[in-house]
Amino acid sequence: MSLAVPDGTGIDLPPVVASSAPGNSAPVRWGHRHLLDLDVVSWPEIELVMQTTDAMREVLARPIAKVPVLRGTGVTILFYEASTRTRVSFEVAAKNLSADVVNIAAATSSVTKGESLVDTIRTVEALGADMIVIRHGTSGAPYLAAEHFGGSILNGGDGWHAHPSQALLDLYTIRGNLPGGPDLHGRKVVILGDVLHSRVARSNIWSLTAAGADLWLCGPSTLLRGFERWAASLAEVPGHGRFTVTADLNAALRDADVVMALRLQRERMSGGLLPSLREYAARFGLTLDRLALARPDVLVMHPGPMNEGVEIAPEVAVDPRSVITDQVTNGVAVRMALLYLLAGAAGKAPEASGG
Amino acid sequence: MTGRQIMTADEIRRATIRISHEIVEKQAGTAGLALVGIQRRGVPLARRIAEAIAEHEGVTLPVGALDITFYRDDLSLVAQQPLVKGTDLPFDLNGATVVLVDDVLYTGRTIRAAMDALVDFGRPQAIRLAVLIDRGHRELPIRADHVGKNVPTSREEIVRVHLAETDGEDGVDIERLVGAVAEPVAG
Amino acid sequence: MAEAIGRSLVASADAEAGRPVGDLEISRAWLVDPASGREGPGDLVVEDGIVRNLVWLDGADAAGVDPTGVIVAPGFIDLHAHFREPGFEDAETVASGSAAAAHGGFTTVCLMPNTSPAIDEASVLARVRSAAERSGSPIEVLAYGAVSVGRGGETLAALGELADGGAIGFSDDGAPIRSAAILRSALVYAGMLRRPIVDHPEDPILTDGAEANEGLVATVLGLKGWPVAAEASAVARDLAILADALADEPRARLHLTHLSTAAALDLVRHAKAARLPVTCDVTPHHLALTDEWIAGARRWAWEALDGDGGALSPWADGVLTAAPYDPSLRVNPPLRSAPDAAAVLAALVDGTADAIATDHAPHTKVDKESEFGLAANGISGIETALGLVLAAVDAGRLPLGRAIAALTSGPASVLGASGWSGSRGLVEGATADLVVFDRSASWRVESTSLSSRGKNSPLLGRELAGRVLLTVAGGRIAYEAAD
């Protein structure tokens, strides 16, 4: 159970007592009004998302890939950062659930005139939004939005902090492709690259340690700043566990079950953390040679968009072991599941019981 | 079963057989028929009806399963019963006469949702409804073509169908709830 | 427990704030007078705004009077506050800031020059002083002049003119003195004028884009780290330059403001042992709060220390009770780790830190109610300073006498070297300048209970012990509790 902030903003707080028992999960409810990060989501709730995603994939396989469950629900997609794939993924997901979708790309709206985030949220709410999917360049922005919004906030990525829907679709993709079944206990998962600036890495830390995976973070030492301290702290947090932080690429890749390469955040890099992209590619780029250190049936992943030739070699991106396109497909299904569960948790007024 | 039993295993069996005959009779044969069970207990019922028809007509009708979770009109139920059990319709609906099968017919909202779901998969020529129990209190203009047993109930009572495939035994019981209006049983 | 304070007004009352205190009789309270080094049960009688009688009680008279009830101390001195006038009056004015100071028990406040225009000319300084006079508040308002023109760091401001106009020192605060060459010249020139240079020690290149203290909380929350070295390296630079400047001008003096790290305080400790003329202050929020609060913890800094003096993890301890990313916690220098906060307290205990200064930084809601990384830096802290300091005293982390000294005699001696003619003590024959507070009474920090226009305090909604009952400045009442 997570604690809710008592003032009614619906912001849940860690810790969550999560069990990572493999296999069976008793029917469980989704208990969160918002999805801001995975630090407050229990393992049974994560499994519920996985199962709901299965059902959404079945919907996507239909000739008419649409269900009416969110009919009359206003979903506003508010992206302060340029992103085509995630924004469209959310829009498609919301439309597949028959929601009324408003898509705001902040660069073209009054936000550029200096309208504050709080003002924008209030305006969007007044215009009928029941749920807001928000992406923002500053860590923590979705929490501010949640404090001023009566509906549900779904974090589509904030600064370096969190990208919960990405971590969940990563988990779904791993579970769906892992040889030997979906149980991640003891399976070696490596996140490789610019960890320091990566919200994908941070959210994956919460979900993969909750899943019991043997998680490794690897990259140049300048891009691993602070994570060793977190690894030590997380070992003491109920429902999670330690992870390994290293700049030794060979040790990280050896016998890995999953390798996730992160985009080198060129646009976020400042202060000279790396000599050059060329040097990064030479020392840490995921090439076929390096991939050979992992298990032969290793899964290759990348949250996209890729800098081919930098963090990942083009041959690796199209290798049969790459499940990168699965990630994109699964992204729509996972987001449909999340919109569905969040809408249920927010709960419209019940009509007469069906039967 | 904790309540008062209103159907025994034998009575269920006989009702199922009668319904299977009625379905064929109404269609004047088996051509074009397909059975679609509504998750959860409508599915084993649909299979039993199909088996009975196969026995007395020698024809195996297609059987599908329909999950109406995403077609309900009440989002607050999502929080309580979010789990989805799956839809599987392994045949072409277009031009078919689909007989929806469910265990209990109550307000009619489940059937409305089921019809919405069905038409997303294709355009049946006709849709009919077979239920084991009709307990009254319709809120929508929906009626069953084939009924196992009509049971007058009050809104404070809950009707539970048990089937061997899902609950380990066959039987139907009815129980009065204290201080609550009967909610639909999960599935 | 002290008995009730008896008081009668003799002189005529003009306005509410600022009326002469007239006669005041305080019996059986706990008096603290760091200037004389004395502390204990006592009686105090004020007549016509002058301290007529100060009696230290002992024996049977002293029975039952202890430091848990009403305490009388000299009026507090704040070496570092921002009253935002001229230029940012939406956030605070000299008048509202003075009211806030009085509510906090402060009777002398030193204002930083980062107004608009900056106080880089005598005319601007005169504006601030006349605003203080017009406010009618008896609080003594002093001001620093800027070190550089417009605080731009390129050329020296009119230091002599500013000194003549009453500036008590020079600083470019909210910014560091970026140029080492300017710092060197300023130290020498100001030394000649017998004024200190006050530096806000920060390496702006290391802090470019930084949002929170570099550490576990910044890592987990995805905030850009503010390294300890940004403060420590700036302090080291300043001390080295001071050493050279002394050769040109032996009267050169450096005061380092709002030190927040063990590393920086260690450097000052060594410099003082080597007899360098350096002084420093620390803020109440750096001794009582940590970067954990940004993650949503609400425990005091000393409660977040493990057995070895290291920092506990708020996630491991399950102590998160508030939503994360509260922008009222964004401050420069940032809230640090628990060990750094412990070092701040240790520096107060051993005298490395000469004073507690609030760095009172009021902001409008517009500037503060935003995303954490985009929020303005600063805590509105002059009214909550005493409460935070007493929390440390209550927890046994800071002796009461040292705490009061850091608020009175410590800053007084820093100012005294600039030719400030005031004093800060409970002395017979002196004009009454004192604060009376009740350690057993608490008050709730709310936007309605704060006199400052700046409601940007992370303590909103919290009860603080040590309710100020009366503040007397220069023989006049500056603040009086409603009951």
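Each row is one residue, and each column tells you yes or no for (1) within 14 Å of another protein chain (Cβ to nearest Cβ); (2) under 22 Å from A:Pro303 (Cα atoms).
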position: A:Gly72; (1), (2): yes, no
position: A:Ile77; (1), (2): no, yes
position: A:Gly140; (1), (2): yes, yes
position: A:Ala146; (1), (2): yes, no
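If only residues of the range C:458-483 that are surrounded by fewer than 22 Cβ atoms within 10 Å (Cβ to Cβ) and touching a Leu at 6+ places or on another chain (Cβ under 7 Å) are counted, the one that is nearest to C:Ser328 (Cα to Cα) is C:Ala465. The single condition among (1) modelled with pLDDT of 95 or more; (2) surrounded by 19 or more Cβ atoms within 10 Å (Cβ to Cβ) that B:Thr153 does not satisfy is (1).
This table checks each residue for (1) touching a strand residue (DSSP E or B) at 6+ places or on another chain (Cβ under 9 Å); (2) in a helix (DSSP H, G or I); (3) more than 23 Å from A:Thr138 (Cα to Cα).
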| position | (1), (2), (3) |
| --- | --- |
| C:Arg195 | yes, no, yes |
| C:Val198 | yes, no, yes |
| C:Pro204 | no, no, no |
| C:Ala218 | yes, yes, no |
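Okay, residues lined up against (1) part of a strand (DSSP E or B); (2) crowded, with 18+ Cβ neighbours inside 10 Å:
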| site | (1), (2) |
| --- | --- |
| C:Ile77 | yes, yes |
| C:Phe83 | no, yes |
| C:Gly87 | no, no |
| C:Ser98 | no, yes |
| C:Ala102 | no, yes |
| C:Thr108 | yes, yes |
| C:Asn114 | no, yes |
| C:Ser130 | no, no |
| C:Ser137 | no, yes |
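Counted as qualifying within the range B:73-181 are the strands (runs of 3 or more DSSP E) with 3 or more residues that are at the interface with chain A (Cβ under 10 Å from one of its Cβ atoms) and under 18 Å from the mean Cα position of the chain (by Cα), namely B:97-105. For the range A:30-47, the candidate set comprises residues that are of a type in the set (D, E, K, R) and assigned to a loop (DSSP other than H, G, I, E, B); within that set, the residue that is surrounded by the most Cβ atoms within 10 Å (Cβ to Cβ) is A:Asp37. For the range C:303-325, a residue qualifies if it is more than 8 Å from every other protein chain (Cβ to nearest Cβ) and over 16 Å from C:Val220 (Cα atoms), and the qualifying residues are C:Glu303, C:Ala304, C:Leu305, C:Asp306, C:Gly307, C:Asp308, C:Gly309, C:Gly310. Residue count for the range C:335-362 satisfying the condition of being within 14 Å of chain A (Cβ to nearest Cβ) and not aliphatic (A, V, I, L, M): 2.
Here is a yes/no grid of residues against (1) more than 7 Å from every other protein chain (Cβ to nearest Cβ); (2) at pLDDT below 85:
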{"site": "A:Pro14", "(1), (2)": "no, yes"}
{"site": "A:Ser20", "(1), (2)": "yes, yes"}
{"site": "A:Val41", "(1), (2)": "yes, no"}
{"site": "A:Ile46", "(1), (2)": "yes, no"}
{"site": "A:Met50", "(1), (2)": "yes, no"}
{"site": "A:Asp54", "(1), (2)": "yes, no"}
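Yes/no per residue for (1) among the hydroxyl-bearing types (Ser, Thr, Tyr); (2) on the phi > 0 side of the Ramachandran plot; (3) touching a Pro at 6+ places or on another chain (Cβ under 9 Å):
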residue: C:Pro333; (1), (2), (3): no, no, yes
residue: C:Asp340; (1), (2), (3): no, no, no
residue: C:Ala343; (1), (2), (3): no, no, no
residue: C:His363; (1), (2), (3): no, no, no
residue: C:Thr408; (1), (2), (3): yes, no, yes
residue: C:Arg424; (1), (2), (3): no, no, yes
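You will find that of B:Thr107, B:Thr8, B:Thr97, B:Thr69, the residue that is among the hydroxyl-bearing types (Ser, Thr, Tyr) and over 27 Å from B:Ile174 (Cα atoms) is B:Thr97 and no other. Scan the range C:280-307 for residues that are of a type in the set (Val, Ile, Thr) and under 20 Å from the mean Cα position of the chain (by Cα) and jot them down. Once the filter is applied, which keeps residues that are of a type in the set (Val, Ile, Thr) and under 20 Å from the mean Cα position of the chain (by Cα), the range C:280-307 yields C:Val282, C:Thr283, C:Thr290. The conditions of being buried (at least 19 other Cβ atoms within 10 Å of the Cβ) and under 15 Å from the mean Cα position of the chain (by Cα) are not met by C:Leu398.
Filtered by the rule that a residue be more than 10 Å from chain A (Cβ to nearest Cβ) and either of a type in the set (D, E, K, R) or on the phi > 0 side of the Ramachandran plot (or both), the range C:199-251 gives C:Asp199, C:Glu202, C:Asp203, C:Glu231, C:Arg237, C:Asp238, C:Asp244, C:Asp248, C:Glu249, C:Arg251. Looking across the range A:296-334 at every residue that is of a type in the set (D, E, K, R) and more than 17 Å from A:Arg175 (Cβ to Cβ), the one that is nearest to the chain's Cα centre (by Cα) is identified as A:Glu311. The residue that is farthest from the other protein chains (Cβ to nearest Cβ), counting only those in the range A:152-176 that are in contact with a strand residue (DSSP E or B) (Cβ under 6 Å, 6 or more places away or on another chain) and not in a strand (DSSP E or B), is A:Ile174. Would you confirm whether or not the range B:53-70 contains a residue that is within 14 Å of chain A (Cβ to nearest Cβ) and over 13 Å from the mean Cα position of the chain (by Cα)? Looking through the range B:53-70, at least one residue is within 14 Å of chain A (Cβ to nearest Cβ) and over 13 Å from the mean Cα position of the chain (by Cα).
Residues considered: A:Val118, A:Val88, A:Val124. Of these, the only one that is under 23 Å from A:Leu169 (Cα atoms) and at pLDDT 90 or above is A:Val88. Scan the range C:166-176 and give yes if some residue there is buried (at least 24 other Cβ atoms within 10 Å of the Cβ), in the same structural domain as C:Pro339 (by TED's automatic domain parsing) and of a type in the set (Phe, Trp, Tyr), otherwise no. Yes, the range C:166-176 contains at least one residue that is buried (at least 24 other Cβ atoms within 10 Å of the Cβ), in the same structural domain as C:Pro339 (by TED's automatic domain parsing) and of a type in the set (Phe, Trp, Tyr). Here is the figure for the range C:442-456: residues that are touching a strand residue (DSSP E or B) at 6+ places or on another chain (Cβ under 9 Å) and closer than 26 Å to C:Gly69 by Cα total 6. Exactly one residue out of C:Val51, C:Val46, C:Val10, C:Val55 is at pLDDT below 95, part of a loop (DSSP other than H, G, I, E, B) and assigned by TED's automatic domain parsing to the domain that holds C:Val435, and it is C:Val10.
Looking at C:Ser413, C:Ser418, C:Ser423, C:Ser370, can you tell me which residue is at pLDDT below 95 and part of a helix (DSSP H, G or I)? After ruling out the rest, the residue left standing is C:Ser413.
Residue by residue, here is whether (1) of a type in the set (D, E, K, R); (2) within 30 Å of C:Ile241 (Cβ to Cβ) holds:
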residue: C:Ala273; (1), (2): no, yes
residue: C:Ala297; (1), (2): no, no
residue: C:Ala301; (1), (2): no, no
residue: C:Asp306; (1), (2): yes, no
residue: C:Ala323; (1), (2): no, no
residue: C:Pro333; (1), (2): no, yes
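Once the range C:33-49 is narrowed to residues that are surrounded by fewer than 18 Cβ atoms within 10 Å (Cβ to Cβ) and among the small types (Gly, Ala, Ser), the residue that is nearest to C:Arg424 (Cα to Cα) is C:Ala35.
The values are calculated or read from the model by the stated rules, or taken from the named source; none is laboratory data. Quantities reported herein were computed from a predicted structural model and do not represent experimental measurements. Glycine also receives a Cβ, built like all others from the backbone with ideal geometry; neighbour counts cover every protein chain displayed.
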